[in-house]
1. For the stretch 37-171, what Kirkwood radius comes out of the mean inverse Cα-Cα distance, in Å?
2. Please name which of M426, A344, G130 has its Cα lying farthest along the dipole of the chain towards the positive end, using unit charges on Cβ (Lys, Arg +1; Asp, Glu -1) and the Cα centre as origin.
3. Please work out the C-alpha center-to-center distance from the stretch 192-237 to the stretch 282-311 and express it in whole Å.
4. Go through the stretch 370-383 residue by residue and turn each phi into a ³J(HN,Hα) via Karplus (6.51, -1.76, 1.60, θ = phi - 60°); whole Hz please, and just put x for glycine and proline.
5. For E285, E450, which order do you get if you count the other beta carbons within 10 Å of each Cβ and list the fewest first?
6. Quick one: Debye curve from the C-alpha atoms of the stretch 102-218, no solvent, what's log10 I(q)/I(0) at q = 0.13, 0.17 Å⁻¹?
7. So what is the relative contact order of the chain, in percent, for Cα pairs below 8 Å that sit 6 or more residues apart?
8. Using all Cα-Cα distances in the stretch 370-476, what percent lands in each 5 angstrom bin from 0 up to the longest?
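What follows is calculated from the coordinates using simple rules that are stated; it is not laboratory data. Fair warning: this is a prediction, and the values are worked out from it, not measured in the lab. Every residue, glycine among them, receives a Cβ derived from its backbone with ideal geometry; neighbour counts consider all protein chains shown.
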Amino acid sequence: MSRKYSALVCLIGLAGATGGVAVAESIRNEQVEQVSGYSWITIPRQQIVDGSREVLSLPEIPLKSEEVIRRIRALEMDWDIAANVYEPEDPKNIPTSPDGKKIGVLVLHGGSGDHRGKDKFARLLASRFGYKVVNMSYPGRLYLDDPSRDWPGDTIHTDGTVRTPIWKQGEHITPDQYDVVKDQEESRRRRWGTLTLACAKEGTTFYDRMAGWPVAHEVGGRELIETYLPEGEYSVYVHGHSTGGPMSMILTQRVSNIVGVLGMESSPFGSIYGQMTREIQGISEPWAMDFNCLRIRSWQDTARYYGYELIQEEGVDALARLAMIMEEVHESWNKGTRQPNFKAENILHFDSPAALAAAARATSKRLGLDSEMTESMVERYVGYLRELSGPGVKPVPPLILIITENSRDHDPEIYRKVYLPRYAAMNPAPDVTVYQFDAGIHGYSAAEEELPQGVAPMGMKLWHEAIIGGYFSPSR
């Protein structure tokens, strides 16, 4: 029996002590596929329904929560990093990992949102399992001008201007700082529709912020963990939904007390995702834009997920009600415009080393760095795309990866052909377990029949059993 399989059996066997007997016992041998370097476990729909009911029926632990806006200093600029922190009112309710440290989780949202989009998810994780959760926004995402944090209006305004980030309270990007560009390159248009971009002009605050935000994200994430989940007291597990995947993977080797990755519809390092888009989706340049071009989301972004999910549910018959579908897309989009719906992170998510290097050089030029320091800055930026390696470098920690039944970008072929071989090629290779759910969509908290909070509760249950069962323990 392999070390990994032994750990998996241990995980299943110990699940009874954490209230997981029914689910754990139903993971039969035929559901577990052992392949060199990883385990692949299929979870049937009924098991997901049962597990979800179990989690939702757990007694709620009283919580306290607070929004935090943390001012950090990065690249000689001030940045306001936003998050919400949740923890049990009684600290004794925070469980411990097998290493004796309290369990803390850093949550990162998907590509269109801010941390408010993960509020319900984070509260469920904290209130049912007792974890202390830090729910972080990417730099610039939270609307700091109003206590509601709701972004006003639509992303593309009738006068041709667009919505832009707020990286620092009181600082605003004015229309004279950017040009609006429409991109209709065929391969990108097939994926996203016409792209609307706000391309910052050199010499503006917008340009400097677009060049500097990757480092602000790293520094902000590190400082949030150091403040609210400090080393010595907490073992930290990270979860990033979709785009939040690569944004969280950046931190795994740069923060010493991050011990595991809790994946669910989570993209990998940007270089791995870029390989996927090239080899599986056939897009030669997944993101060919300059670093200073901010992507402005629109109803097309709702349509690209909605259309794929309808294909899985209704097949070609969906086209017979195309007019109704278009109405549904716009109705859904209009409900979501309070979220930020812009994205600077494509240069990381879609593997753009040239754009990251250009951002590093723009930052170095602003700071007046010499050639040697500039190349060091370039190495730092481009290093965000993949795992770090070499003597004395912290390894990538173990991963649990959950993929749903009706996901556009997270299907078994992608994992088997690209993602898992890339993890296996790392030195040292991290332990990886994949759970393939026979239910759910990319937005894993979306309700469906018998699953009022989607497949998210079942995902949390598997995470918890893995943590308590010692899957992430280095000594196992």
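1. 17.6 Å
2. Comparing the listed Cα positions along the dipole, M426 ranks first.
3. Spelled out, the Cα-based centre of one part sits 20 Å from the other.
4. Per-residue couplings from phi come out as 7, 5, 5, 5, 5, 5, 5, 5, 4, 4, 5, 5, 5, x Hz.
5. Exposure proxy ranking, most exposed first: E450, E285.
6. The computed values of log10 I(q)/I(0) come out as -0.67, -1.01.
7. That works out to 21 percent.
8. 2, 10, 15, 16, 17, 15, 10, 7, 4, 3, 1, 0, 0
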